[in-house]
1. Using a Förster distance of 41 angstrom, determine the FRET efficiency expected from the C-beta separation of residue 225 and residue 7, and round it to 0.05.
2. Tell me, what is a quarter of the convex hull surface for the C-alpha atoms of the stretch 23-164, in nm² with one decimal?
3. Report D for the chain in µm² per second (integer): Stokes-Einstein, Kirkwood Rh on Cα pairs, 25 °C, 0.890 mPa s.
4. Give me the distance between the Cα centres of the stretch 46-91 and the stretch 123-149, rounded to whole Å.
5. For the chain, set up a Gaussian network in which alpha carbons nearer than 10 Å are linked by springs, and say which option among 267, 155, 188 fluctuates the most.
6. Under a 10 Å cutoff between Cα atoms, tell me which one of 228, 83, 128 has the largest fluctuation in the Gaussian network model of the chain.
7. Can you tell which of 40, 333, 321 shows the greatest fluctuation in a Gaussian network model of the chain with Cα springs below 10 Å?
8. If you average 1/r over every pair of different alpha-carbon atoms in the stretch 195-310 and take one over that average, what Kirkwood value in Å do you get?
Ligand code: T4K
């Protein structure tokens, strides 16, 4: 019988660089006496991010939610936007704040991203855009969505909050579609304490976004649009710059842990380990999402989630309930029966994965799950 972990095991823990490296950077900030409003640290961070994304068309924000909200505002969209109900609630909130109606559409079963066939069926004369999510860092069906967007003259927007570091056929994931939003929240594999970024294809958005995140100021006396405050501060930028230096190492560690998880979990009846994308994808292993088949495993996903707590393991049900079932979106009419999304949301569980987690801990988590399954 496995014993509970002595310390709680959370679904994630932020990557913390060596503290001395961070305090060295703090000295620069102290010297500059510049704490926010497009400071030198932020400019340096933006330069590095632009290099990675092979484009100058990027803009950094205080968090991912505001980045997405302002990206949508810059596009001046109206009407309906086809989107997924299987995501974090911020995706839909960004539509709400732009007075756009979400049209929830079903996902495909392998990687939980929007099902292109269902997307095409959901198009109406009022549709202006598709807002897809690379959920858990799994790339959406890029070619199919691109084809549909072109054919129907729709904007194509990606919520890439989970997808930092992902590449498809050697191309950074952020460079697909009209724009992509990344989250640099502390719980993400790459973080800046909090933060967000847009990567976009239209150079003119750069100026609009610059205004939108700084109250609409064009200069000291002219305010040209009703902007907000969504600026990244210097401490965030310093953390981002510092963590960036460890990105490859962080992804490699997660790859190793995922490999162990997959090997161990594949031996447990009723557990489906994560489906790793094909070789043409440089995946980032951002989440460890498994599916529980109750009849085969013996107990439900929710029962397993509760049982794991007894062993000091705090898994999460990302993403349950579906957004379309939340109190604030329940009244939104949904034509799609969301069969796959409903099934996935009832069976999915995300397990601990983060840089400090050890292989021994992963083996123990898997062995606890196996024990719970066999003792039903
Ligand atoms: N789009 C998508 C698809 C997203 O997933 C998100 C954010 C967004 C948009 C919006 O981006 P941001 O505006 O956040 O940049 C967490 C994160 O807060 C959220 O950023 C993230 N998605 C979401 C999937 O996860 P919660 O409510 O689950 O977080 P919380 O506080 O329960 O943290 C999870 C676990 O992480 C804790 O149990 C312990 C650990 N933790 C957390 C924090 C904050 C730590 O160990 N240290 C920490 O500092 O939402």
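Laboratory data are not the source of any read-out in this text; all were calculated from the coordinates shown. Nothing here was measured: the structure is a model prediction, and the numbers come from that model. All Cβ positions, even for glycine, are placed from backbone atoms using ideal geometry, and neighbour counts span all protein chains on display.
1. Numbers: r = 49 Å, r/R0 = 1.19.
Efficiency at R0 = 41 Å is approximately 0.25.
2. Numbers: hull surface 39.9 nm².
Over all viewing directions, the stretch 23-164 projects a mean Cα-hull area of 10.0 nm².
3. Working: Rh = 21.6 Å.
D = 114 µm²/s.
4. 14 Å
5. Of the options given, 267 has the highest mean-square fluctuation.
6. Residue with maximal mean-square fluctuation among 228, 83, 128: 228.
7. Greatest mean-square fluctuation among the candidates belongs to 333.
8. Numbers: mean 1/r = 0.0532 Å⁻¹.
Hydrodynamic radius (Kirkwood, Cα only) of the stretch 195-310 equals 18.8 Å.
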